[in-house]
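Quick notes on the structure that follows.
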Amino acid sequence: MTWGAAREATVTARFLRMLSLALEELEAVRDAARRAEYAGLTARAGELERETNALERELEDACLAAFARPLEPEKLAFHLLVFRSLTNLERVGDYAFGVARDLERLAPRTRSATLQDVLPLVGLLTTMLERLAYAFAERDAAAAREVIRLDEEEVDALYEQMLRASLTRLHERPDDVDIALAAHRMARSLERLGDHLVNVAERVLALVEKSEGAGRAALPA
């Protein structure tokens, strides 16, 4: 394996690990909500977030080192995809951590129904992350398009559903303003998390389509 191939393999593995960490954060939130056991959720999410931040710095350095060398157009496009997506994945981790923190803080003060409102949206975002990891690893355009479709057709609808539920509970219990605001914040965080996944999926899709276009252009007429 050449130095360039080894470097790309390492970058790919580290990037997939960042996606895996985001998935672990969401799964921790989902499992806690399912079991209605929130103790330690923030600590667990914090551990994953610290590893995410360390990987972000490592990948940033690796991409900058690659940019300092002559790169074939395909290799340049790959490293640009990773480099431009690092902020997105870092923000995904931030939003997941924020939801975990809010859930643990709210748990002693509100009914379980309010806390479990996050489950449908977290489950959908988990699916999006899994499809995004597959799209990136396999250069699969259909999987990247599925991430985008899920956000456009399902995430926004569930986000609106969470908002309506929080407003209904505020109407029923007007003294619980802080709980309603926290529920609104969780809904917004999850909706924005989906937006960042879409940003990465769009880059993966563009990379795959460009590569496929170049392959067709190279075929003899």
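A straight line joining the Cα centroids of segment 70-136 and segment 155-189 runs 20 Å.
In segment 1-131, a dipole from Cβ-located charges (positive for Lys and Arg, negative for Asp and Glu) runs towards its positive end, and of T52, A28, F15 it is A28 whose Cα lies farthest in that direction. Shape verdict for segment 1-108, please, from the Cα gyration tensor: rounded (a/c under 1.5), prolate (a/b greater than b/c) or oblate. Judged from the Cα gyration tensor, segment 1-108 comes out prolate (a/c at least 1.5, a/b above b/c).
Taking Cα centre as origin and charging only the Cβ of basic (Lys, Arg, +1) and acidic (Asp, Glu, -1) residues, the dipole magnitude of the chain rounds to 180 debye. As a calculated quantity, the FRET efficiency between R17 and A165 at R0 = 25 Å, using C-beta atoms, amounts to about 0.15. Taking other Cβ atoms within 10 Å as a rough exposure proxy, V92, V155, V204 sort from fewest to most as V155, V204, V92. What the Cα convex hull of segment 145-198 gives, in volume per residue, is 42 Å³. Cβ-Cβ distance of R109 and A54, R₀ of 35 Å, FRET efficiency by 1/(1 + (r/R0)^6): the value works out to about 0.55. Note on R192 and Q116: their simple-model spin labels are 2.8 nm apart, each label 7 Å out from Cα toward Cβ. The GNM of the chain, with springs linking C-alpha atoms under 10 angstrom apart, assigns the highest mean-square fluctuation among L119, L41, L170 to L170. Each residue of segment 41-50 is assigned a 3J(HN,Hα), and the resulting list reads 5, 5, 5, 5, 4, x, 4, 5, 5, 5 Hz, derived from the Karplus form 6.51 cos²θ - 1.76 cosθ + 1.60 (θ = phi - 60°), x at Gly and Pro. Along segment 71-81 the Karplus relation, 6.51 cos²θ - 1.76 cosθ + 1.60 evaluated at θ = phi - 60°, assigns HN-Hα couplings of 10, 5, x, 5, 5, 4, 4, 4, 5, 5, 4 Hz to successive residues, with x for each Gly and Pro.
According to the Cα-based calculation, Rg over Rh for segment 3-218 is 1.05, with Rh computed by the Kirkwood formula.
You can think of it this way: the chain between A9 and D31 has 4.7 nm of extra reach, that is 0.36 nm per residue less the Cα-Cα gap.
Farthest toward the positive end of the dipole of segment 3-218, out of A6, H79, L167, is the Cα of A6, where the dipole comes from beta carbon charges about the Cα centre. For the chain, modelled as a Gaussian network with Cα springs under 10 Å, which listed residue fluctuates most, R145, R192, R164? Highest fluctuation of the listed residues: R164.
Bear in mind these aren't lab numbers, they're just calculated from the coordinates by the rules spelled out. From a predicted model like this one, the values you see are computed outputs, not experimental measurements. Quick reminder, even Gly has a Cβ in these numbers, built from the backbone with ideal geometry, and neighbours come from all protein chains shown.
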